[in-house]
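Asker: Before I ask anything, let me first share the structure, which is written out below as structure tokens.
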Amino acid sequence: MIEINKKEIDAKVREGIPFQHRWHNRFHLEMPFGLINDPNGLAFHNGEYHIFYQWNPLGCVHKNKSWGHVHTRDFVNYSMPELAMWPTDEHDKDGCYSGCGFVDNDTLRVFYTCNAKDENGVRTPAQRLGTLRSDGTIRKEEIAVPTNEKGYTGHFRDPYVFYRRGKRYFVLGAQTEDERGCVLVYEEESEGKWRFLGELKTKMTEVDEKFGYMWECPGLLKFGTHDVLLCCPQGLEAREYKYQNLYQSGYFAGHVSLDSMEMYHGRFQELDKGFDFYAPQVFNHEGRHILIGWMGMPDRDADYPTGEQGWMYSLTMPRVLTLRQGHIYSHPAKELRALRIQETAMDIDASETKQITAELGEGAEVLLDITLGAAQELDFELIYGLEKLVFHYDRRTQLMTIDRDGMKLGGRGKRQFKLYAEENFSFHLFVDRTAIEAFFQHGDETATLFVFPEKNILPELRLISDKPMESVTGRVWELDSFRFF
Ligand code: FRU
């Protein structure tokens, strides 16, 4: 276990912000150094949103997992990031892994997985509680579950607290001894005493009983009378229009019975169809389900060239989720509208309406509402000099293709998914320096991804259709950056 010095790290963060490098994003949370991954401990407490995240402050490798922390009232002004928790004892010597946050008796508590490995690499995962102190550090408290249950391997992590029937429960991501991914449930019997209820039986509508070899980062949400189980299955085979990332993040919508420990649900749906999205966490505040995801992917570090500059990965912007007919729609949190500095013009070729262009600044939001008319194919291109990222929509096949092969650096390739459009097409795009978030058809689908333009060139957005579109309403805003206080 390496000695981690909070004072030094916090001071180094303060020196590193505002960011210098042109690949650093302006309205996506990231660190000036080290590697971040999953959002953790999301909660609203004392008038502020708290966002923790996995962070190795010592380098761009998946080691020394600690928790970083920021808080914000409005998702635009943030406290200076600080180290909140790091490996200190025999339980979490190999990492303070992911977990959740919840408010209890006016304190902000966290629940995380302590990762400890022996000399043969065998894990002893313990689930432990903690409390945020006023000095910004987390006091590590009681261990609720000391190790993995019988029948499950050491891949046993990421507790997420939820409430039902006036009681507190948590779900945990796990792997059975025969290497099947699943979710386990615990119930709080009395203050601080947790009882193992068993595995939540998901009645698969998919191919077979086994749906991946491990489920990471589960969550259980309630939308009205419906339950939504979030999870990140690892080991799904890529299909024609789905599961195209190395690991997936998605959900089952349906109904959970904690008496029979069963969930009746529809098919597994992905939460995002981009390249760089994993381990999202969702928390509820005043009726809003707010999601923040990790912009990155485990085991694909080579796709992210910022490692050479000393930092890796970002978090997504906060999104608000709604459930309609068993499907989740995502919208950027309305607070982000405060980033809009000014509206800039779009050049719409009115005679034929086949091409639209807009010069984007250092940060941009674009909202396009298109009445398709005769158009069958649309290309939304983000052009960086000789490089480009393309979103191609084919109305006949109802397919969206995101193509990064026109970029030189970083991850490349294509992602393809079904997207339904009849007469109208809506495209809502956020373009940060390297982080891009797209919302299609009013949040029906989203795609989160990075591009790393080789040259220092601001992008131009170009929309081209094969035949004239009937009408296009377009708005473009220049966006301000997050501020740290
Ligand atoms: C998901 C994950 C979690 C784990 C954490 C460690 O990205 O593997 O399952 O708790 O990252 O950083």
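Asker: Accessible area per residue for segment 343-479 in Å², computed with a 1.4 Å probe and the full protein assembly in place, what is it?
Answerer: Details: 5350 Å² over 137 residues.
Value returned for segment 343-479: 39 Å² of accessible area per residue.
Asker: Collect residues whose amide H, placed 1.01 Å from N in the peptide plane, falls under 5 Å from the amide H of Asn40; neighbours closer than 5 in sequence don't count.
Answerer: For Asn40, whose amide H was placed from the backbone, the distant partners under 5 Å are Phe52, Tyr53, Gln54.
Asker: Tell me, what ³J(HN,Hα) does each residue in segment 296-302 have, in order and in whole Hz, if you take phi through Karplus 6.51 cos²θ - 1.76 cosθ + 1.60 with θ = phi - 60° and put x for Gly and Pro?
Answerer: So the Karplus estimates, Gly and Pro as x, are x, 7, x, 6, 10, 3, 5 Hz.
Asker: Same structure, new question: Net charge around His327, counting only other residues with Cβ within less than 10 Å of its Cβ (Lys, Arg = +1; Asp, Glu = -1)? Let's see the in-between values first.
Answerer: Values: positive: Arg324; negative: Asp444, Glu445.
For residues surrounding His327, the net value is -1.
Asker: Another one. Using each residue's phi in segment 278-289, evaluate 6.51 cos²θ - 1.76 cosθ + 1.60 at θ = phi - 60° and report the 3J(HN,Hα) Karplus result to the nearest Hz, with x for Gly and Pro.
Answerer: Whole-Hz 3J(HN,Hα) from phi for segment 278-289: 7, 6, x, 10, 10, 10, 10, 9, 6, x, 9, 8.
Asker: Could you work out the per residue convex hull volume over the alpha carbons of segment 209-337, in cubic angstrom?
Answerer: Numbers: hull volume 18.0 nm³, N = 129.
Each residue corresponds to 139 Å³ of Cα convex hull volume.
Asker: Suppose each label sits 7 Å from its Cα in the direction of the beta carbon; what would the Arg324-Gln376 distance come out to in nanometres?
Answerer: With each label point 7 Å from Cα toward Cβ, the separation is 2.9 nm.
Asker: If you don't mind, there's one more thing I want to ask. Search the structure for amide H atoms under 5 Å from the amide H of Arg168, placed 1.01 Å from N in the peptide plane, and list their residues when 5 or more places away or on another chain.
Answerer: Glu188
Asker: List, in the order given, every pair from Lys140/Lys193; Lys222/Lys334; Lys6/Lys334 whose Cα-Cα distance in the structure shown is over 24 Å.
Answerer: On the way: Lys140/Lys193 16 Å; Lys222/Lys334 21 Å; Lys6/Lys334 34 Å.
Beyond 24 Å between Cα atoms: Lys6/Lys334.
Asker: Using alpha-carbon positions, what is the distance between the centroids of segment 422-449 and segment 29-47, in Å?
Answerer: A separation of 23 Å, based on Cα centres.
Asker: Still on this model: Using packing as a proxy for protection, rank 146-156, 337-347, 42-52, 377-387 so that the peptide with the highest average count of other Cβ atoms within 10 Å comes first.
Answerer: Values: 146-156: 16.3, 337-347: 13.7, 42-52: 19.6, 377-387: 17.9.
Highest to lowest by the protection proxy: 42-52, 377-387, 146-156, 337-347.
Asker: Which of the residue pairs Lys65/Lys93; Lys201/Lys242; Lys273/Lys467; Lys203/Lys418; Lys273/Lys414 have a Cα-Cα distance greater than 18 Å in the structure shown? Don't skip to the answer; put the middle values down first.
Answerer: Working: Lys65/Lys93 9 Å; Lys201/Lys242 23 Å; Lys273/Lys467 27 Å; Lys203/Lys418 25 Å; Lys273/Lys414 11 Å.
Violating the 18 Å limit, Cα to Cα: Lys201/Lys242; Lys273/Lys467; Lys203/Lys418.
Asker: Just to confirm my numbers, what's the Cα centroid distance between segment 67-84 and segment 230-260 in Å?
Answerer: Here the two parts' Cα centres lie 30 Å apart.
Asker: So, one more: Give me log10 I(q)/I(0) at q = 0.09 Å⁻¹ for the chain, Debye formula, one equal scatterer per alpha-carbon, no solvent.
Answerer: -0.60
Asker: Please list 3J(HN,Hα) in residue order for segment 443-454, calculated via the Karplus relation 6.51 cos²θ - 1.76 cosθ + 1.60 where θ = phi - 60°; whole Hz, with x for glycine and proline.
Answerer: x, 4, 9, 9, 9, 10, 7, 10, 10, 10, x, 5
Asker: Quick one: which residues, 5+ away or cross-chain, put their amide H under 5 Å from the amide H of Glu141? H built at 1.01 Å from N.
Answerer: When sequence neighbours closer than 5 places are left aside, the close amide H contacts are Leu129, Gly130, Thr131.
Asker: While we're here: If you line up the long axis of helix 6-16 against the longest principal axis of the chain, both from Cα atoms, how many degrees apart are they, to the nearest 10?
Answerer: On a 0 to 90 degree scale, this one is about 10.
Asker: Work out the FRET efficiency for Glu179 and Ala345 from their Cβ-Cβ distance, taking R0 = 35 Å, and round it to the nearest 0.05. All intermediate terms of the calculation are to be shown ahead of the outcome.
Answerer: Working: r = 56 Å, r/R0 = 1.60.
My answer for the efficiency is 0.05.
Asker: Cβ neighbours within 10 Å, averaged per peptide: list 419-427, 241-249, 287-295 in order, most packed at the top.
Answerer: Details: 419-427: 15.3, 241-249: 19.2, 287-295: 22.3.
The densest-packed peptide leads the list: 287-295, 241-249, 419-427.
Asker: Okay, next question. What is the P(r) of segment 343-479, as percent of Cα-Cα pairs per 10 Å bin from 0?
Answerer: Each 10 Å bin holds this share of Cα pairs: 12, 47, 35, 6.
Asker: Remind me, relative contact order of the chain in percent, using alpha carbon pairs under 8 angstrom and six or more residues apart?
Answerer: 14
The values are calculated or read from the model by the stated rules, or taken from the named source; none is laboratory data. Computed from a prediction, not measured in an experiment: that's the story for all the values here. Note that we place each Cβ from the backbone using ideal geometry, even for glycine, and neighbour counts take in every protein chain shown. Note: accessible area is taken over every heavy atom of the protein model, side chains too, but ligands, DNA and RNA are not part of it. Shrake-Rupley method; radii C 1.70, N 1.55, O 1.52, S 1.80 Å.
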